[in-house]
Each structure stands twice: as C-alpha cells, then as structure tokens.
Amino acid sequence: MKWSQYILTMLLLGVLTALSLTLNFSPAYGALPWYLWLTCAAVVSVFGAGWLALDTMKTQRRLRVDGLPGASASATPIAEAPRGTAVDPDGPSYPHPVINVQTCIGCHACVDACPHDVLAISNGKATPIAVEQCMEDTSCQVECPTVPKSCVVFNTTKKIPARKVPQRDQHFKTNVPGIYLIGDVSGVPLIKNAINEGGSVVDSVVEDLQNGGSEVAGEYDLAIIGLGPAGLSAAVTAQRRGLKYVALDQEQVLATIQQTYQAGKYVYFNPAEKPAAGGLTLDGPGSAKEEMVSTWLETVRLNKVAINEYESCKSIKPVDGSFVVVTEKEAGRQKNEYRARRVLLAIGNRGTPMRLRVSGEDLTVVVTPTVAVAPPFCTKCGARSIAVNRFCQDCGEPLVGRVPEPFEDQKVKFKLSDPNQYEGKHLMIVGAGNSAIEAAVDLAAFRSPDGTAITGWRDNHVALVVRSDFKGDLKLGNKMLVYDCIDAGRIKAFFGMTIKEITADEVTLMNARERDAKTAKEAARLKNDYVFAMIGGEKPTKFLESLGIKIG
C-alpha cells in the first residue's frame, strides 16, 4: 500500500469515528444512518477516481521523461532508463526482465546469465518463460551485449553495473596499436557475428598494412590466435587475400564448437535477418552441428588454409613495431617463435580450464575400441571421434577402414563433448556449476529433446564430487534434474569432498577441509575410468591486460 492510500484510509476512519461520537442517529446502521453511508461511499468513490487519474498521469509523465514507452500498453521496452528506475506499468509489480525482440540477437547471454531459469530462447529470441521466478539477479541485463540493451530488468532498485569487455574500435583495433580482437572475447557470443568479424577484420588489417604497416619487419603479415568460428573465418579470408599468416589454436580447430555443442545439436544462425559475410558459410536459419562443422572444414581444405593445432600462445612481445609470438606445442612442449606485423586475438571467452592440481592428474589410459571396423576419420564429414556399429556417429555414413588399434587417452578431461562415447564406465565429475551438473546428468541419463526431463538411464556409474555445495547460480532446471538422478541412485553425490589422488583405475577422496593431500585421511575410494574436472576456467582477462588491452 502506498503512503497516500494509507493516509486516505486513516482520514476516512477518523471521520467515521468523529461522527459516531458526536451524533446520535436513530435508526442507525453501525455509526451512521443509511443515507450518510451512501454519501460517504459516493465521496470516497469520486475522490479515489480522481486520485487514481492523477497518479496515472504522474506515472506516464515520469516514463516519458525517462525515455520509456509507458504511455502505451502495446509499446515494447527498448532500453534501460537513462536515469531513475525502469518501471513497467503493465507487468507485475515485482522485478522482472522484459525483452525487446526487435533488437534481441538471440545470443543466449541473458539466458546463460540467469540462475533462475526465467529466460529461454524461443524462435531465435530471448523470451521470459517464468517471470514469477525472477529474484532480481539483474545479471541478464548486465550480460546483454546489444546497445541499447535488449534485456531490461524492470521494477528493480538495484544499480546495474557496466558490462566489462575489452575495448576496441569499429575496425576491431584495441588500444594497443597492431593488436586486433574479434569473436566471443569481444563480448558478443554469436557464431554469425564471429564469422562476419573474421572477414571484416582481415580487410582492416590489409588496409592497415597498405598504409605503411608492411614496412615493419616481420616474417608474417598476421598472427591469428584462436581457431574458433571467428579465427577460422579470418584464416580463410587471409588465405584468399594473399596474406602471409600463421594460425594457431591451443586445442583442435573449432574445439569450442565441438566441445560446447553436443552431438546432433541444431544450431540457429542468429540474428536471422543479418546475412553471413565472412570466410565461412552459413546457409539457412540453422544447421546440425556436424553438418555445420563439416562444411567449414571442407572450406578450409578447398582453400588450402594452413593451421597449427595443439599449439598454445604463451606470450606476445612487441618488438620495433611488430610482435614476437611465443608458442608451445602440446607434443613434446616444443617452443616456437613467430614474428608478425599484426596480431589478431580470436581466443574466445571460455578461458583455460582450471586444473585439479592433484597427484595423477596427467595420467593416460589405454583405450581399446569396441567396434569391429573404424577408420581414423570419416571420409564424408571428417569426424575424428570413435565410430559405433560401423557408422560415423556424427553423420551416420557407413565407414570403410582398418581395424582400430588401442590408443592412449587422457584420464582427466575438462569438457564433455559427447556422452554417447561412454558406456558401462565408472565416471567422476568434479564441480558444482551448471557445466558440471549438466555433464553428470547427461552421463547418468538420457534427456528429452528440450532438456527438461529424463527419459531413460545409461549404464554408467556416475559420482559427483562437490567441494561444499551447489553454486548459487545453478539453474533451477539443472538442480531438479540432478536431484532426480541422485534420488534414483544413478548419481552418487559426495558433498564436502575433494580429490586426494588419482590412479590408473581408482580415485581417492578426502574431506575438503583438509589442506594437505599427503597427510589427509582417506574418505572414500572409488573405481574409476575417467574424471571430468569442471571447476571453471581462467578467463583471458589477465592475458589481455598483460598485453596492455583495456577492459571496461
């Protein structure tokens, strides 16, 4: 109740009390006769209607001043208020997000940021699906990358902080001369946007070199760090433009796509109204992950693009107007140096996975494929994963090849790309965030196409190790699914535990309060084939700042 309503009620009560004490009516209904009751009701109705009209006029005037379309019930909110509180007169009175579908690019940033499953992607746009679950987190508005904001939290009194992203200009130049930045790390997690930036940035580099940059000493014109959609698009464009370039990735090419999206996932090419114009093609509204990746790899092959996989960038040093890029190959830890006139950072925003730092973390295990026939890769789609039942698990094509041989694999993994690769295994997931919980559920169960329900169980033995408790930003849907698995006995949860030691076929746990693994008591010993360490990643913020790139 507003203060004005409270005061009005008290005044009316005071009038009725005074009349009952000073007047003596007979007959009377309570304190007053019927005609005075009718008079009071009429006065209150007229006064209330006038007060409501005045209050409405004030609200509409305030909304117009703040730049919000509150005067029309059919208007769509388009931006956060320049000052004051964003008020939604037509929605619920409590804080809740409102999406402007006209400017939303469907990047998932607000959906991923919300810990309470208030938002979802529908028809390529963010949509509030459970407004009543909003807890005024406001991170959805913070992470929205569009200008003005497409996601606005209304009726909140919280101060919305600015989104911290690396600074760059319209030509993708950072504040450090000669260093360019594109893709997810720039703050817009969108495949089509990354591909378009990959093509445009090479044009900017070519123009820069033509304006005097080619006179700088350097073996290469451009060093491309990171080979996701943005970096690979830039590498293809650089090859077509005739630049001398070196393209590096600390993992396999397109590792972010391969590891983030599970097998068979349909990927929408948002925003649908914006065409793709980079080095890679995007046809139609979307595509299955495998088809999309296959098309890109074919583009790389046809253009004879040179790429260096499993070679991580350790440092970038400016030298006389150019840059010395120091790298390390995963195999043998061989160090290399490349001198380039310009550097393009397309490293993504995922960051380097955090390690467990326990004994046995670097162990390898020998895996014997269970299939009768499997080539090293599918001749149609280029998939490098193990095949099942003589068919490629990515595109379904029959395979022709040699009998597979046992191979070495890392026992500790940091991403789950395809849960179907693990059958009848003893698996351990370490972590309490959304990625860890989703991996645990997917290794223990089959989910419905929309991911909201369990439709069956796998034959794996899954253990979930949580240092303290689930994270505060754990999505409600993930929390419900993991508890369903725990209640069904398909996931065995170890809260307040951490890993003490990893061996070839077992994992030893200890109490998380213990600081020294060597002296800590053994709390549990579990049979194990693989450990999935999903305890977060070190975002590239420190790396960017070490280069002098401003964040904010």
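Data overview
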quantity: Accessible-area ranking of Ile105, Ile437, largest first, probe 1.4 Å; calculated: Ile105, Ile437
quantity: q = 0.21 Å⁻¹: log10 I(q)/I(0) that the Debye formula gives for segment 256-313, counting C-alpha atoms only; calculated: -0.96
quantity: Spatially proximal aspartates and glutamates relative to Lys274 (Cα-Cα < 14 Å; intrachain offsets below 8 disregarded); calculated: Glu197, Asp283
quantity: Rounded accessible area of Glu514 (nearest 10 Å², 1.4 Å probe); calculated: 80 Å²
quantity: Candidate residues Ser315, Ser233, Ser435: accessible-area rank, largest first, probe 1.4 Å; calculated: Ser435, Ser315, Ser233
quantity: Tensor-based shape of segment 402-515 (alpha-carbon gyration tensor, a/c under 1.5 rounded, otherwise prolate or oblate); calculated: oblate
quantity: Three-way shape label, segment 469-552, alpha-carbon gyration tensor, a/c 1.5; calculated: oblate
quantity: Reachable lysines, given that their alpha-carbon falls under 17 Å from the alpha-carbon of Lys244 and they are not under 8 places away in the same chain; calculated: Lys304
quantity: Segment 163-247: projected area of the alpha-carbon convex hull, averaged over directions, in nm²; calculated: 5.4 nm²
quantity: Residue-wise HN-Hα coupling along segment 139-155, computed from phi with Karplus coefficients 6.51, -1.76, 1.60 (Hz; x: Gly, Pro); calculated: 5, 4, 6, 4, 7, 4, x, 6, 10, x, 4, 8, 10, 10, 8, 8, 6
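The values are calculated or read from the model by the stated rules, or taken from the named source; none is laboratory data. Values in this document were obtained by computation on a predicted structure and should not be read as measured data. Ligands, DNA and RNA are stripped out before the accessible areas are found, and what is left, the full protein with its side chains, is counted by its heavy atoms. Shrake-Rupley method; radii C 1.70, N 1.55, O 1.52, S 1.80 Å.
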